[in-house]
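Colleague: One structure, as structure tokens, below. Some questions next.
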């Protein structure tokens, strides 16, 4: 593998992230929920802002939202914005780079 560019960290192999699915990973002491739809991969904090349940245990919908399995809150997979309550606050979204078959992330502050 090519060394990641400065500020980027390997999160997973792209092959480990199913198309149309979610994958929970740990990066830099932070839990992330990776999503994949076709060639597009995104990364969100893996914690619903409503009740702190892992988003990676939920479902990725065709409309691009990630649904928390506990109370049904939905978040936009690209921005982390709330799409449907009961959550009121967005989740942090992180930059993603695909390089040599790996998913790299740059963590948001």
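Colleague: Can you give me the Rg/Rh ratio for the chain, using Cα atoms for both radii and the Kirkwood formula for Rh?
Modeller: 0.96
Colleague: Follow-up question, since we're still on this one. How would you rank 6, 89, going from fewest to most other Cβ atoms within 10 Å of each one's own Cβ?
Modeller: In increasing order of surrounding Cβ atoms, one gets 6, 89.
Colleague: Quick check: the distance between the Cα centres of region 15-51 and region 53-99, to the nearest angstrom?
Modeller: Between the Cα centre of region 15-51 and that of region 53-99, the gap is 9 Å.
Colleague: Go ahead and run the numbers for FRET between residue 95 and residue 57, Cβ-Cβ distance against an R0 of 30 Å, rounding to 0.05.
Modeller: Plugging the Cβ-Cβ distance into 1/(1 + (r/R0)^6) gives 0.80.
Colleague: Hey, another quick one. Starting with the highest mean, order 22-31, 63-72 by the number of other Cβ atoms within 10 Å, averaged over the residues of each peptide.
Modeller: 63-72, 22-31
Every read-out reported here was derived from the displayed coordinates using simple, explicitly stated rules and does not represent laboratory data. Here the structure is a predicted model, which is why all the values come from computation and not from measurement. Here the Cβ is made from the backbone with ideal geometry for all residues, glycine too, and neighbour counts use every protein chain on show.
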